[in-house]
């Protein structure tokens, strides 16, 4: 049974409050609408360090970590990049805790040839300050910069080919990792699409490997990224990961966290509006008024200044495929909300943050990635919205791009996406040209820019959502041309958007509001008539 406040039938008791970028908006839903809220946070582990030690000493499908160590061996430890969790975790990050314990163990066994690599794949490099915050002062000061650094997917000689799968998928990984006696991956599993074989086979790969699964065909056949059993993306990554693990010894340490995204000053944002105390209602009203009066950087700072007090809920270690089912189960325990029946009209806000704009603005391309990529895919089983249904989303769609992080996005969006939104044409005609552009590649290698292939992947990421959803109507856009480029419609108000949506919906259309953040997923069971 779900928590009594997780699913509410709206009786106009009070408006619902949704994110619209870095602002909050009130939505007065029709009587009979469903509102789906995240589950309450799971209870955290009482002693995280003890759980880490237990996991590495009692692994799944593997000898204990200490039994794999010997003096003089070469070890590469890979860690996730800044794309998770969202927002940043209050210090100490769980990856810092894992690294401290593992490195002490390796010192006990006279293992000194150790490199720590941020597995950023084609994502932007993490800055030194960002790495230090994640791994902690002790590890950073001892290993950076010579033995603690970002993966560079374009470094000459920096990738080693391990072979091709039986489907012809090229498996290349970081040369330092490929030359090591042991690869240790330290993972924070934020959602069910993270971790498993994706950690090494994707995090430490290059463009030649990535393009086998980051393409329109694969994405169209991934029936929710959050449901690995039905995701073609996961199937391809698993094939490639198995090949990597057949060539190299990989020991995985996966951790899970709860969804306690907001600390005490903003904790009410995670609650059902019907459950707010009078004091919390006043705080919510004051926050909304303050956000309206502040400039954009100050609005975003309100949500990012206080790190999230996530609690660690699980630590699992050992052989990749033996570990990962335990991790997935713990994720589902936190995120899945049982829902009966799909809806005709899905209403949701678009928060200010995604995995690809940490430290920068959520640009229009990432808005599309969030809407038809992540938000649409927050389900297991069946999509929450019916085939051909309508999504009503709230976001300003401001024409703004961070030039340091997303410089290549600007040309992709304004020069190429204005010519065609067809993912297959983008893939066949333009992607290779951009991926090999030497100026853009250099920005990825030496700056804080995403790889030039990345904007293409962001467009493909919404491909299954675009094939399924009939219409997307944006409320609150500060212009019309950005939504038009994305293939979206605009409405001046929620009432107008709802009227527009009902023009193509069946009589007595079912309206459902998905109240994110914090992160959640729906486990949809098809009822009669759906």
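General remarks:
- With respect to the conditions (1) outside the structural domain of residue 22 (by TED's automatic domain parsing); (2) modelled with pLDDT of 95 or more, residue 530 lacks only one, and its number is (2).
- Residue check for residue 246: under 30 Å from residue 320 (Cβ atoms) and free of Cβ contacts under 8 Å to residues at least 12 places away in the same chain: yes
- Residues within segment 327-341 that are over 13 Å from residue 194 (Cα atoms) and assigned to a helix (DSSP H, G or I), tallied: 3
- Residue-level analysis places residue 63 among those that are surrounded by fewer than 21 Cβ atoms within 10 Å (Cβ to Cβ) and more than 26 Å from residue 519 (Cβ to Cβ).
- All positions within segment 121-141 that are in contact with a helix residue (DSSP H, G or I) (Cβ under 7 Å, 6 or more places away or on another chain) and under 22 Å from residue 457 (Cβ atoms): 121, 122, 124
- Condition met for residue 79 (under 21 Å from the mean Cα position of the chain (by Cα), under 16 Å from residue 183 (Cα atoms) and outside the structural domain of residue 436 (by TED's automatic domain parsing)): yes
- Among the residues making up segment 503-519, those that are surrounded by fewer than 17 Cβ atoms within 10 Å (Cβ to Cβ) and more than 17 Å from residue 341 (Cα to Cα) are 503, 504.
- Taken together, the criteria place residue 388 among residues that are touching a residue at least 40 places away in the same chain (Cβ under 8 Å) and assigned to a strand (DSSP E or B).
- Within segment 24-47, considering residues that are closer than 18 Å to residue 7 by Cβ and either under 22 Å from the mean Cα position of the chain (by Cα) or free of Cβ contacts under 8 Å to residues at least 24 places away in the same chain (or both), the one surrounded by the fewest Cβ atoms within 10 Å (Cβ to Cβ): 31
- Hey, residue 470 in contact with a helix residue (DSSP H, G or I) (Cβ under 8 Å, 6 or more places away or on another chain) and in contact (Cβ under 8 Å) with a residue 40 or more places away in the chain or not: no
- Put simply, of 458, 514 the only residue that is under 20 Å from residue 417 (Cβ atoms) and within 21 Å of the chain's Cα centre (by Cα) is 458.
- Evaluated against (1) over 26 Å from the mean Cα position of the chain (by Cα); (2) free of Cβ contacts under 8 Å to residues at least 60 places away in the same chain, residue 170 falls short on exactly one condition, (1).
- Checked against the criterion of being under 30 Å from residue 439 (Cβ atoms), surrounded by 23 or more Cβ atoms within 10 Å (Cβ to Cβ) and assigned by TED's automatic domain parsing to the domain that holds residue 459, segment 378-399 contains one or more residues that satisfy it.
The values are calculated or read from the model by the stated rules, or taken from the named source; none is laboratory data. For clarity, every value in this text was computed on a predicted model and none was experimentally measured. In this analysis, Cβ positions are derived from the backbone assuming ideal geometry, glycine residues included, and neighbour counts consider all displayed protein chains.
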